[in-house]
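Structure first, then comments.
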Amino acid sequence: MPEIRLAKTAGFCFGVRNAVEIAEKTAKEAQKTVYTYGPLIHNQSVVDHLEKIGIYSVDNLDALSAGDTVIIRAHGVGRAAYEEMEAKGLTVVDGTCPRVQMIHRIVEEQEQAGQRILIFGDPTHPEVRGIAGWCKTPPLIVSEEAELDDFALDLEDPVALVAQTTFNQYKFLKMVEKLKNMGYNKIGVFSTICHATKKHQDEAVALAEQASVMVVIGGKHSSNTRKLYELCKGLCPETYLVEDAKDPLMQEVLASIQLHDGIIGVTAGASTPDYIMQEVLGTMSENKNFEEMLNETFREVHSRDIVKGTVVQVNEAEIVFDIGYKCDGTMTKDEFGGTDEPLEQQVHVGDVIDVMVVKVGDSEVTLSRRRLLQNKANAALQDSLDNKTVLKGVVTESFDNGIVVLYEGVKVFIPASLVDVRRVADLSTLIGQEVSFRIIRLQPRRRRVLGDRRSVIAEENAAKREETLKTLEIGARVKGTVKTLTNFCAFVDLGGIDGMLHISEMGWNVVRHPNQVLKEGQEIEVLIKDMNLEKNRISLSTRFPETNPWNGVEEEFAVGTVVEGKVVRFADFGAFVELKKGVDALIHISHISRKFVKAPGDVLKIGDIVQAKVIDLNTEQKRIALSLRELEPEEPAEFIEEVIDEADLDGAEIVEEVIEEAAPVVEEAAEEAAPVEE
Ligand code: SF4
């Protein structure tokens with residue numbers, strides 16, 4: 001037995017259904033003839049039906065008089081038509097599809113903002129004429145890609161681009177791409193193509209791929225019905241296009257059904273009313289009525305239901321969802337409850353999102369995500385208040401007295417004193433960060449929701465501290481993060497507990513300020529030098545024994561050897577010479593020269609490379625004494641003069657004696673000086 005399956009999106013689109021319902025309701029309430037400005041939709045059967053209930057189409061407003069009721073059709077009209085109707089004293093009922101109305105608003109606003117309007121669409125189509133009628137300056141209208149070659153706008157002209165709702169999406173993207181390649185980069189693109197047509201076609205194609213027989217119901221002159229027929233025929237050769245149940249082709253349809261098993265697919269053009277589908281389906285199926293089939297195809301939804309919706313269309317003002325119901329659900333930007341960013345950046349076609357049904361109509365379902373989030377958020381906030389549970393949110397604003405955290409669309413204020421365990425100097429540095437907090441006051445009606453982050457941080461620190469303490473002992477090496485720098489030390493977070501790294505322990509070289517070697521936030525390894533947990537004191541060091549430059553100094557700089565080094569600083573009592581990184585030695589002022597030296601700078605300069613003799617070495621006290629003097633030869637003449645002066649003697653014989661006495665000393669000095677010359 002074949003299964004007759006109706007495409008989910010078959011027949012009237014939302015806009016057409018909306019216009020027909022408005023017309024029927026107006027005729028019923030008016031109790032007199034009402035008019036449509038142009039045919040309400042392009043379906044003769046529907047037009048005939050409307051005439052039967054007193055709704056007639058007029059192409060010219062001259063035919064109407066004050067007090068007459070006129071319905072604007074789904075395609076919409078320009079501003080001038082509204083003004084003319086008002087001037088004539090007509091009662092106007094607006095059946096314009098909301099999606100088309102949205103385009104009217106876009107072109108009005110964009111033109112006011114100084115943009116030139118560009119429309120991709122058929123200039124003869126009533127919808128495009130209606131859109132153009134909302135522009136003060138005639139818009140540019142382009143229907144084919146080739147026309148862009150003659151596009152004569154200045155590249156710098158600001159342009160807003162909209163599309164006819166039924167414009168081909170693929171063609172639209174190609175044309176936008178072409179404009180960009182031509183150098184038009186100042187075009188604001190508004191994707192106003194209605195997804196209803198594409199969805200209609202996609203579902204018909206999906207059904208035709210599985211079906212043994214396909215039946216397309218609709219006017220044979222309706223372009224969208226013919227398009228559906230061609231698409232289905234390409235996939236299912238046994239595809240029939242019938243106008244209604246009385247169509248002679250129905251006999252062939254029934255015969256074909258008898259011959260096939262599997263799925264018999266049914267779809268209908270966008271201007272095919274339900275009752276025609278009902279008649280055709282009733283003829284095809286002896287056992288099932290139309291209602292049953294609809295019920296099998298669509299799910300039931302009720303207000304306050306929470307359902308999964310698939311995004312099928314998104315623009316700057318609203319999102320359209322497929323929720324498995326017979327018509328799509330719509331959600332405004334407000335009801336999405338997201339950020340201020342454009343909707344297109346927050347959701348994308350194909351996203352599946354939990355949504356709440358707010359209102360169910362026959363032709364439209366109103367959805368909200370904001371209310372769903374709010375309900376969930378309220379429950380979580382209450383739980384946090386009652387049970388001290390921790391919530392996470394992102395900091396969005398900062399003031400002198402606190403910060404605002406956004407939690408699921410609810411603004412939570414955290415006073416400055418409850419932001420951290422330490423005072424935060426600049427609260428704006430937290431903006432954009434995700435933070436944990438709990439609720440301490442909840443008065444949603446007064447919009448007073450207060451949070452506390454300090455207690456959460458304190459607890460986290462306590463837990464970390466417990467863990468950290470297990471790993472701490474004198475001599476242990478641990479990793480930490482530099483929290484703050486002062487002039488003489490750095491405080492390092494070891495994991496919920498801080499240690500102090502004194503400037504003198506920041507390596508083996510002389511450090512003048514901690515910021516020479518560390519920066520806040522830096523991860524470092526430290527050595528636990530000392531600890532007193534009762535007093536909460538932990539002393540740290542980065543002077544690791546294996547990197548101690550004094551290792552092996554006894555051999556490298558043994559007493560008596562001549563070494564080379566760089567003069568790095570002066571003191572009153574001598575000059576310091578760097579022998580290697582971390583090892584400095586002292587040349588006492590008395591050892592700078594054999595001559596009298598008043599100050600080290602009189603003989604030496606910072607940066608001088610000198611050779612000196614090691615005259616003392618104490619590795620425990622880290623002291624090396626050098627001498628330049630000992631490498632200088634004693635000057636014989638000077639020495640003789642000194643001896644003569646000291647002897648206070650006179651006469652040549654005496655001089656000879658003195659020379660003889662001095663000779664061995666001079667020789668000795670010359671011998672000592674010899675290695676220096678080498
Ligand atoms: S196709 Fe889309 S825009 Fe056009 S009437 Fe239907 S719902 Fe409205």
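Just so it is clear, none of the values below were taken in a lab; they were calculated from the coordinates. Treat the numbers as computed from the prediction; the structure is a model and nothing was measured. Please note: Cβ atoms are built from the backbone with ideal geometry, for glycine as well, and neighbour counts cover all protein chains shown.
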How far apart, in nm, are the 7 Å Cα→Cβ label points at Thr396 and Asn509? 5.0 nm
Full-extension gain in nm, Ala63 to Ala113, via 0.36 nm per residue minus C-alpha separation: 14.2 nm
Convert each backbone phi in the stretch 395-412 into a coupling constant with the Karplus relation 6.51 cos²θ - 1.76 cosθ + 1.60 (shift: θ = phi - 60°), then list the ³J(HN,Hα) values in order as whole Hz, x for Gly and Pro. 6, 10, 9, 9, 10, 4, 9, x, 10, 10, 10, 8, 10, 6, x, 9, 8, 10
Taking every other residue with Cβ under 12 Å from the Cβ of Ala208 and scoring Lys and Arg +1, Asp and Glu -1, one gets -3
Kindly rank 196-209, 141-154 from highest to lowest mean number of other beta carbons found within 10 Å of each residue. 196-209, 141-154
Across 10 Å bins from the origin, how do the percents of Cα pairs in the stretch 553-631 run, short distances first? 21, 58, 20, 1
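Given a Förster radius of 22 Å and the C-beta distance between Glu473 and Glu523 as r, what FRET efficiency does 1/(1 + (r/R0)^6) yield to the nearest 0.05?
Values: r = 21 Å, r/R0 = 0.95.
Once the sixth-power term is evaluated, E becomes 0.60.
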What is the spin-label model distance, in nm, from Arg441 to Thr137 if the labels are put 7 Å beyond Cα along the C-beta direction? 5.5 nm
Local net charge near Glu177, Cβ-Cβ under 13 Å (Lys/Arg +1, Asp/Glu -1): +3
Straight-line reach check, Lys464, cutoff 18 Å on alpha carbons, 8 or more apart in-chain or any other chain, hits among lysines -> Lys479, Lys483
Among the stretch 139-159, those whose backbone N falls under 18 Å of a label point 7 Å along Cα→Cβ from Lys174 are 142-151
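Rounded, prolate or oblate: which fits the stretch 61-104 when a ≥ b ≥ c are the square roots of the eigenvalues of the alpha-carbon gyration tensor, with rounded for a/c under 1.5 and prolate only if a/b beats b/c?
On the way: a/c = 2.75, a/b = 1.98, b/c = 1.39.
The shape class here is prolate.
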Pull out the extension gain between Ser303 and Lys580, defined as 0.36 nm times the separation in residues minus the alpha carbon to alpha carbon distance; nm, one decimal. 91.6 nm
If you take all C-alpha pairs in the stretch 306-368, what percent of them are over 17 Å apart? 29 percent
Can you give the Rg to Rh ratio for the stretch 472-547, taking only C-alpha atoms and Rh from Kirkwood? 0.93
Reachable lysines from Lys25, Cα under 19 Å, same-chain residues fewer than 8 places away excluded? Lys52
In µm²/s, what is D for the chain at 20 °C and 1.002 mPa s, where D = kT/(6 pi eta Rh) by Stokes-Einstein and Rh is the Kirkwood radius from Cα pairs? 62 µm²/s
Suppose the Debye formula is applied to equal point scatterers at every Cα of the stretch 195-297; what is log10 I(q)/I(0) at q = 0.14, 0.20, 0.24 Å⁻¹? -0.47, -1.03, -1.53
On a 0 to 90° scale, report how tilted helix 636-647 is relative to the longest principal axis of the chain, with both axes built from alpha carbons and the result rounded to the nearest 10. 50 degrees
Here the FRET efficiency for Arg448 versus His49, based on Cβ atoms and R0 = 60 Å and rounded to 0.05, is 0.55
Helix 274-284 versus the longest principal axis of the chain: what is the Cα-based angle in degrees, 0 to 90, to the nearest 10? 70 degrees
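Could you sort out which of Lys8/Lys246; Lys186/Lys333; Lys171/Lys198; Lys598/Lys622; Lys171/Lys220; Lys566/Lys605 sit more than 18 Å apart by Cα distance in this structure?
On the way: Lys8/Lys246 24 Å; Lys186/Lys333 25 Å; Lys171/Lys198 13 Å; Lys598/Lys622 27 Å; Lys171/Lys220 25 Å; Lys566/Lys605 10 Å.
The pairs that break the limit, which is 18 Å between Cα atoms, are Lys8/Lys246; Lys186/Lys333; Lys598/Lys622; Lys171/Lys220.
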Nearest-0.05 FRET efficiency for Thr366 and Thr310 at R0 = 22 Å, using Cβ-Cβ distance, is 0.85
Within 10 Å of each residue's Cβ, count the other Cβ atoms and sort Ser541, Ser271 from fewest upward. Ser541, Ser271
Rounded to whole Å, give me the distance from the Cα center of the stretch 322-380 to that of the stretch 127-165. 32 Å
With a cut-off of 20 Å, note down the residues of the stretch 181-225 whose backbone N falls inside the zone around a label point 7 Å from the Cα of Gln345 toward its beta carbon. 185-192
Where does helix 454-471 land angle-wise versus the long Cα axis of the chain, in degrees 0 to 90, nearest 10? 50 degrees
per DSSP, antiparallel bridges as share of beta bridges in the chain, % nearest 5, sits at 65 percent
Run the quick spin-label model on Thr33 and Glu21: label points 7 Å from Cα toward the beta carbon, then report their separation in nm to one decimal. 2.9 nm
